[in-house]
Amino acid sequence: MKTPAAIKAERVTKALGGVPVLQDVTLDVAPSEIHALVGLNGAGKTTLMRILLGMLTPDRGSAHLTGFPVSGAGTQVWSRLGQMLETPFAYPELTARENVYSSARLHGMDRAAASSATERALSDLGLEQYASRRAGTLSLGNRQRVGLAAALVHGPDVLVLDEPTNALDPRGVIVLRRLLQQAARDRGAAILVSSHHLDEVARMADRISVLHQGRIIGTLQPGTVDLERRFFDLVLQSDIQEQEQP
């Protein structure tokens, strides 16, 4: 029997300002799976993630987290969710430590557990030396690390991360990959990661879906030879089919 999806978009369609952004998108992520959503800039990745997080309402279709409709999900869903969109969770006037601790508390951890988890998350992301600095004074890469620490601090069962490798140096990308693979393997977390950097997410994902001009146009298998060429073949084929339509 197939494991029920922890993250699911079914036939999602969305227009913004009268412009179609997503068209009939279906996607799912199972527990213990890292599913990468890749596409060129403007493909619709962030819009889909906003719908999955309840920040936008689809014009048609539905979105579910852990089996609950996003529109009616309660604290039992949101407390077990970790998320980061284009702008990391980081209040500039708070320190890195205060940002991560705030996230832990917002997700229902008590003070003692939140304090312990915060120190662990800061260590995991290599932020110990920056813990007492205000987030607004940090480099973009370290603010990204703060955002990731805030998304991971409470040990979520579901993670939705938009472009999480942005601004990370190569070591940071490796650290993130290890943490996400550990979360999927050890906790059974369902993880959806978007990126326009195929090579980075291919090293961490179990499955890759290609989003182009608002549509899922195919899937790629991590570890396949010539993965980047296969990606652009799918994009080119989609563009040709679009041009041939009357």
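Numbers at a glance
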| quantity | calculated |
| --- | --- |
| Residues satisfying the stated conditions in region 88-103, i.e. touching a residue at least 12 places away in the same chain (Cβ under 8 Å) and either within 27 Å of L37 (Cα to Cα) or surrounded by fewer than 21 Cβ atoms within 10 Å (Cβ to Cβ) (or both) | P88, F89, A90, Y91, P92, E93, L94, T95, V100, S102, S103 |
| Matching residues, region 159-176, being touching a helix residue (DSSP H, G or I) at 6+ places or on another chain (Cβ under 8 Å) and either aliphatic (A, V, I, L, M) or in a helix (DSSP H, G or I) (or both) | L159, V160, L161, A167, L168, G172, V173, V175, L176 |
| G67 being modelled with pLDDT under 95 and not assigned by TED's automatic domain parsing to the domain that holds A151 | yes |
| Flag for R143 being over 18 Å from R203 (Cα atoms) and touching a residue at least 12 places away in the same chain (Cβ under 8 Å) | yes |
| Every residue from region 88-123 that is over 15 Å from N142 (Cβ atoms) and either among the charged types (D, E, K, R) or touching a Pro at 6+ places or on another chain (Cβ under 7 Å) (or both) | E93, R105, D110, R111, E119, R120 |
| Given (1) at pLDDT below 95; (2) in the same structural domain as R230 (by TED's automatic domain parsing), index of the condition Y91 fails | (2) |
| Unique residue being in contact (Cβ under 8 Å) with a residue 12 or more places away in the chain and loosely packed, with under 13 Cβ neighbours inside 10 Å when the list is Q221, Q241, Q213, Q245 | Q221 |
| Filter result for the condition that a residue is at pLDDT 95 or above and buried (at least 16 other Cβ atoms within 10 Å of the Cβ), over L198, L168, L179 | L179 |
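The values are calculated or read from the model by the stated rules, or taken from the named source; none is laboratory data. No experiment lies behind these values; they were computed from the predicted model shown. No Cβ is skipped: glycine too gets one built from the backbone with ideal geometry, and neighbour counts run over all protein chains shown.
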